[in-house]
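Derivation of every value follows stated rules applied to the coordinates shown; laboratory data play no part. For clarity, every value in this text was computed on a predicted model and none was experimentally measured. Cβ atoms come from the backbone with ideal geometry, glycine included; neighbour counts cover every protein chain shown.
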Amino acid sequence: MAPLVVLVGAPGCGKTTVGRALADALGVEFRDTDTDIEQMAGKPIPEIFIDEGEAHFRTLERAAVAAALAAGTGVLALGGGAVLAEETRAALVGHRVVHLSVELPDAVKRVGLGTGRPLLALNPRATLKHLMDQRRPLYAEVATATVTTDGRAPAAIVDEITALLPR
């Protein structure tokens with residue numbers, strides 16, 4: 001069993017907000033691998049970065065993504081950096097993956113420049129731009145569809161994604 005939809009994208013693209021709304025609209029479960037990681041580690045992601053470092057976090061992230069893909073949750077949201085791992089990109093082959101695309105101005109508004117996001121702690125705007133530039137080709141690589149989220153309400157995004165799903 002596979003998830004109905006896997007959402008990928010940069011911080012602030014709306015993976016969690018849209019994912020929850022999409023799951024509600026489809027009457028299925030929503031799962032977020034960042035939440036899974038926090039449950040596995042017994043602490044928030046910023047504390048994982050501080051206590052064990054990014055490499056440890058990425059190890060937990062790869063395991064969380066593999067488990068979530070195997071569990072077949074209805075709508076699955078991956079953390080923004082999950083696509084950095086080659087094995088995660090390979091695991092996404094054959095899944096319906098929607099890249100929620102966002103440009104820097106909207107991402108900055110939504111993210112709030114770093115609160116609770118360890119990679120954005122220093123010079124958040126420049127760091128977010130760098131992360132987005134670095135990851136955009138990886139999102140495109142794994143995506144079966146791309147949906148733009150800039151200036152759009154979650155309901156409109158949900159409608160567009162739902163139209164992409166088989167009837």
Quiz item: What dipole magnitude, in Debye to the nearest 20, does the chain give about its Cα centre under +1 on Lys/Arg Cβ and -1 on Asp/Glu Cβ?
Solution: 320
Quiz prompt | the chain, relative contact order in percent, only Cα pairs under 8 angstrom and at least six apart counted | solution = 35
Quiz item: From the backbone phi of the stretch 44-55, what are the Karplus-calculated ³J(HN,Hα) couplings (6.51 cos²θ - 1.76 cosθ + 1.60, θ = phi - 60°) in whole Hz, Gly and Pro given as x?
Solution: x, 4, x, 5, 4, 4, 5, 7, 10, x, 5, 4
Practice problem: Would you please give the residues with an amide H less than 5 Å from that of Ser101, counting only those at least 5 places away or on a separate chain, with H modeled from the backbone geometry? | Solution: Val147, Thr148, Thr149
Self-check item: Normalised per residue, the volume of the convex hull around the Cα set of the chain (Å³)
Solution: 102
Exercise. Work out from phi, with θ = phi - 60° and the Karplus expression 6.51 cos²θ - 1.76 cosθ + 1.60, the ³J(HN,Hα) of each residue of the stretch 86-102, listed in order in whole Hz, and give x for Gly and Pro.
Key: 4, 5, 5, 4, 5, 5, 7, 4, x, 9, 7, 10, 10, 8, 8, 8, 9
Quiz prompt | Lys/Arg +1, Asp/Glu -1 at C-beta; the chain dipole; positive extreme among Ala25, Ala82, Ala68 | solution = Ala25
